[in-house]
1. Could you derive backbone 3J(HN,Hα) for region 480-490 from the dihedral phi with the Karplus parameters 6.51, -1.76 and 1.60 (θ = phi - 60°), listing whole Hz in sequence and x where the residue is Gly or Pro?
2. Taking the mean number of other Cβ atoms within 10 Å as a proxy for protection, how do you rank 399-406, 191-198, 91-98 from highest to lowest?
3. Just check region 172-259 against the gyration tensor rule for me: Cα atoms, a ≥ b ≥ c as the square roots of the eigenvalues, rounded for a/c under 1.5, and otherwise prolate or oblate depending on whether a/b exceeds b/c.
4. Run the quick spin-label model on Glu467 and His46: label points 7 Å from Cα toward the beta carbon, then report their separation in nm to one decimal.
5. Compute the relative contact order of region 35-88 as a whole-number percentage, counting only Cα pairs closer than 8 Å that sit 6 or more residues apart in sequence.
6. What accessible area, in Å² to the nearest ten, does a 1.4 Å probe give for His144?
7. How compact is region 135-211 by the rule of thumb for globular proteins, expressed as Cα Rg over 2.2 N^0.38 Å?
8. If R₀ is 22 angstrom, what is the calculated FRET efficiency for the pair Asp456 and Thr328, using the beta carbon separation as r and rounding to 0.05?
Amino acid sequence: MRSIRRKALAASAVAVGAVMVSAALTPPALAAGPATSYLVLAPQGHSTAGAAARVAAAGGTVVADYSQIGVLVARSANPSFASAVAGEGVEGVASTAGLGTPLDDGATLDAGAAAAPEATGDPTAEPLFGLQWDMTQIDVPQAHAVTTGSPDIVVGVLDTGISSTHPDLATQIAKAESASCLEGVVDTSEVAWNPTTFDHGTHVAGTIAAAINGVGIAGVAPGVKVASVKVVNDDGFIYPEAAVCGFLWAADHGMQITNNSYFIDPWEFNCRNDPRQRPVWQAVQRAISYSQSKGVLNVASAGNSNVDLQHKFIDSTSPNDGSSPVETRIITGACLDLPAEAPGVVTVSAVGTERLKSYYSSYGQGVVDVTAPGGDTRQPNPAVSTISHAVLSTTFNTATRTNGWGYKQGTSMASPHAAGVAALALSTHPGLQPGALASLLEGTAEPLPCPEGVYDPRPGLDQFLAECSGGNRNSFYGAGEVNAYNAAVR
């Protein structure tokens, strides 16, 4: 997932949690280039005042001040801005130009739907529930006999936005807690946090909390609310400043859980020992740590590269956004997939209808915490149509501006299942702090054993080969597949 650079979305920009600051314009004596965004870090625990002064002196404008974590988002047309702003009061500075990561939106296939006359309170009675193999696989109907979730719980969906007119979601959105974070600046207008070019966030939100209303599908936790925190731009990119804004917005607006189906860096792995990327890693880590201190459990997808995240490799395909020539880099332990590999984040791999690792899902011993249904159209099952091997959820056609239901597959689809199960668990165990909630999620998962030998989901296509390691807690599935009923009653 990625960010949205559109200024045509009118609406008032309201800075809550981010202070809008006006700084000096570029002095005439400085050379002018294209305006570029930067993350500027004050020393940990220090005021951002000194850093803001240096931004102004270097010909920049502070557009957002996240004083909670000592991070500024700045804009400047001065090509020497990064070196000019360095000095006392500044720990690090990094341009975010070219740091957007393209969203893997997946294929959406229409499922169709006929509205039922009234809600039944039974998820299995929803018109399309028969196509939701994923909900049956993690015992959602049994869990709903215990709880559908508390309306006091808000799950932040850091994504492309959520359609506020979708019949399965219109009653589920916490509008007062929703916002756009594009370019690192908060905009709370409804038009700003709705989708514009991608429906990925709408699909994710439906998996978490689609209403039991006699229309369409059922979510894992239809009793809870979701907040749209838009961090993906019209070109399908997420930039670090948007992710930082999203984590802080969720933390400061009472969200107990966030879902993060994306990674932040175009190199896919953000290397702390690379001076270009270290400030990004620091800023994101500060934002995540701050959110955890505010009681937020962050859930993230493991990624769709079929990579062993424990054993890094040579990356010769990045950056992947065309911002600069592709580099060949040795990926070491200093390089992390963010936010999935950040400390305290629950990392989720994907399985299909056979409860085997999805061919695309990344994995890693000590990295993956749990697994969940993400779909795999290549896992055969004579009892299920091919298309139904993907995950059915709510969709929004951004071209025709119409709502619907459709299929996608990816670890992006697995992560919201885990977030929804965590919301059910928190509903029956109110007050759990993030670490305890993560432990409950893992402790109630159903262990899945490693497949024997080299895992070959597509015989003859070596790029999908993978090898599982570990016992009950292994590199493919972590502690196992999340289970909604177990988490609700344990």
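The values are calculated or read from the model by the stated rules, or taken from the named source; none is laboratory data. Bear in mind that the values here come from a model prediction, so they are computed numbers and not experimental data. As a convention, Cβ positions derive from the backbone with ideal geometry for all residues, glycine included, and neighbour counts pool all protein chains shown. Note: areas computed on protein heavy atoms with side chains; ligands, DNA, RNA excluded. Shrake-Rupley method; radii C 1.70, N 1.55, O 1.52, S 1.80 Å.
1. x, 7, 4, 9, 5, 5, 4, 5, 6, 9, 5
2. 191-198, 91-98, 399-406
3. Note, shape of region 172-259 comes out prolate.
4. Output for this residue pair reads 4.7 nm.
5. Averaging sequence separation for qualifying contacts and normalising by length gives 42 percent for region 35-88.
6. 20
7. Relative to the rule-of-thumb radius for its length, region 135-211 sits at 1.20.
8. Efficiency at R0 = 22 Å is approximately 0.20.
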